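Colleague: One structure is given below, represented as structure tokens, and several questions about it will come after.
The values are calculated or read from the model by the stated rules, or taken from the named source; none is laboratory data. Predicted model only: the values in this text are computed from it and were never measured. Using ideal geometry, Cβ is built from the backbone for each residue, glycine included, and neighbour counts are taken over all protein chains shown.
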Amino acid sequence: MRIFTREGVRQEMCLDEKVAIPDEVREAYLRLGRPTPLYRARRLERYLKTKAKIYYKREDVNPCGSHKPNTAVAQAYYASKEGVEKLATETGAGQWGTALSYACMLFGLECEVFMTRGSYDSKPYRRTMMELFGGKVHPSPSKLTESGRAALKEMPDHPGSLGVAISEAIEVTLRSEKTRYSLGSVLNHVLLHQTVIGEETMLQFRQIDATPDLMIGCIGGGSNFAGFCYPFVRDRLQGKNEVDFLAVEPTAVPSTTRGEYRYDYGDTAELTPLIEMYTLGHKFIPPPIHAAGLRYHGKAPSLSLLIHEGVVSSVAYGQDEVFEAAKMFVRTEGIVPAPETAHAIKAVIDEARKCREERIIAFNFSGHGLLDLGGYEQFLWRRE
Ligand SMILES: *Cc1c(COP(=O)(O)O)cnc(C)c1O
């Protein structure tokens, strides 16, 4: 089936150790503020009275506010080179739809986004951003597709799910020769594009003559964690470092801590090939947590394998303790993290508290929470 771009498929199967970043994508990375800064969390360290040195990579400092444009601009660039005129996709929290709308704007493509109805209603500013960038946004399920109409027939007030939204976006893709479908996580080529984060981080640590002892990131599909850690994982597998890796997920969606390692579908409608991964089952309906970007039943196959083999460890945290950690971070470092990012921060704080001797902990600050203040309002300030 003609769903993805040719280059996307080629990179999905690519075994090369290195893949060059085209000049046009490098130029787009400059617009995204790349290389992004690596910060030392001195105020948080002092507050915790820890012996750990804590560093974080700022993936929030771009016009979209998360790491997602790193792959969006690459995907839009390859699509434009292949004569594609439109990219279709789904979005949950809206961060991926925002990034792809932005990337399509840069490379002169149309963008059509199916946004789960719940988020469409509860995160109106995300929709506004997508529309400002020129994206066309539909609440999903919509009446525009067979899958949307079927879902609405079954449940007229359907809140939407990524499963249905994916089916809608694929339907739109198959309608026109000049449209392709684009995914924001899980797939190998998406993780590959994100490794720009880790490659930069490695150079930045080299500049200060240090190496991390522990690297931490939150996992939804696994792309920001993989992008941040994989260059270091490569070196560790070659015996060049002894870095520990810790992936953090919500207790509400415990794919790697409570799920099974087996073959499963990537979507509810069973349209994707079977993928070997940690999964809660493709029929699993994730509860509506504020970290909507972490609501996926499975995890990227390469990351799942690394966890299965014990190279990467994983841990799960509950929503309240995660928001508490976010509050501590805001009041020390002065930056509001996305609820997804706050999962990594919770793990960082716990690990730092355990340190009896100096240890360098680095985490990926995957996005800001300036459009997630509704969640903060509900879960944080009410408890003071
Ligand atoms: C989407 C998102 C995530 C989770 O997705 P991954 O593919 O696992 O990185 C994490 N943080 C932010 C800010 C996001 O937007």
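Colleague: Do you know which residues across segment 60-93 are at pLDDT 95 or above, within 13 Å of the ligand (Cβ to nearest atom) and assigned to a loop (DSSP other than H, G, I, E, B)?
Modeller: Across segment 60-93, the qualifying residues are ASP60, VAL61, ASN62, CYS64, GLY65, HIS67, LYS68.
Colleague: Okay, moving on. Tell me whether segment 270-290 contains one or more residues that are assigned to a helix (DSSP H, G or I), surrounded by 14 or more Cβ atoms within 10 Å (Cβ to Cβ), in contact (Cβ under 8 Å) with a residue 60 or more places away in the chain and touching an Asp or Glu at 6+ places or on another chain (Cβ under 7 Å).
Modeller: Within segment 270-290 (the criterion being assigned to a helix (DSSP H, G or I), surrounded by 14 or more Cβ atoms within 10 Å (Cβ to Cβ), in contact (Cβ under 8 Å) with a residue 60 or more places away in the chain and touching an Asp or Glu at 6+ places or on another chain (Cβ under 7 Å)), the answer is no, since none of the residues qualifies.
Colleague: Let me ask you something else. Could you list all residues from segment 342-363 that are under 13 Å from ALA41 (Cβ atoms) and touching a helix residue (DSSP H, G or I) at 6+ places or on another chain (Cβ under 9 Å)?
Modeller: ALA344, ILE345, VAL348, ILE349, ALA352, ILE360, ILE361, ALA362, PHE363
Colleague: Something else: Considering (1) buried (at least 22 other Cβ atoms within 10 Å of the Cβ); (2) in a helix (DSSP H, G or I), say which one MET328 fails and leave the rest.
Modeller: (1)
Colleague: Show me the strands (runs of 3 or more DSSP E) entirely contained within segment 95-192 in which 1 or more residues are over 17 Å from the mean Cα position of the chain (by Cα) and of a type in the set (S, T, N, Q).
Modeller: Once the strands (runs of 3 or more DSSP E) in segment 95-192 are filtered for at least 1 residues that are over 17 Å from the mean Cα position of the chain (by Cα) and of a type in the set (S, T, N, Q), what remains is 136-140, 179-181.
Colleague: When you scan segment 50-59, do you find a residue that is at pLDDT 95 or above, assigned to a loop (DSSP other than H, G, I, E, B) and surrounded by 17 or more Cβ atoms within 10 Å (Cβ to Cβ), even just one? Break it down into steps so the answer makes sense when it comes.
Modeller: Start the filter on segment 50-59 by keeping residues that are at pLDDT 95 or above, which leaves 50-59.
When the remaining residues are screened for being assigned to a loop (DSSP other than H, G, I, E, B), the result is 50-51, 59.
Within this subset, residues satisfying the condition of being surrounded by 17 or more Cβ atoms within 10 Å (Cβ to Cβ) are 50, 59.
Yes: one or more hits.
Colleague: Here is a further query. If you scan segment 238-253, which residues turn out to be over 16 Å from the mean Cα position of the chain (by Cα) and modelled with pLDDT under 95?
Modeller: If we filter segment 238-253 for residues that are over 16 Å from the mean Cα position of the chain (by Cα), which is where we start, we get 238-245, 251-252.
Answer for segment 238-253, where residues must be over 16 Å from the mean Cα position of the chain (by Cα) and modelled with pLDDT under 95: just ALA252.
Colleague: Would you confirm, using the coordinates I've provided, whether LEU246 is more than 12 Å from the ligand (Cβ to nearest atom), under 24 Å from ARG295 (Cβ atoms) and not in a helix (DSSP H, G or I)?
Modeller: So LEU246 passes the test.
Colleague: Tell me yes or no: at least one residue of segment 188-198 is of a type in the set (S, T, N, Q) and free of Cβ contacts under 8 Å to residues at least 12 places away in the same chain.
Modeller: At the first step, the residues of segment 188-198 found to be of a type in the set (S, T, N, Q) are 188, 194-195.
Right, trim to free of Cβ contacts under 8 Å to residues at least 12 places away in the same chain and you get none.
No, every residue in segment 188-198 fails to be of a type in the set (S, T, N, Q) and free of Cβ contacts under 8 Å to residues at least 12 places away in the same chain.
Colleague: Here's something else I'd like to know. Filter segment 357-371 down to residues that are under 26 Å from THR71 (Cβ atoms), of a type in the set (A, V, I, L, M, F, W, C) and touching a Ser or Thr at 6+ places or on another chain (Cβ under 8 Å) and give me whichever is farthest from the ligand (Cβ to nearest atom).
Modeller: Among those residues, the one meeting the criterion is ALA362.
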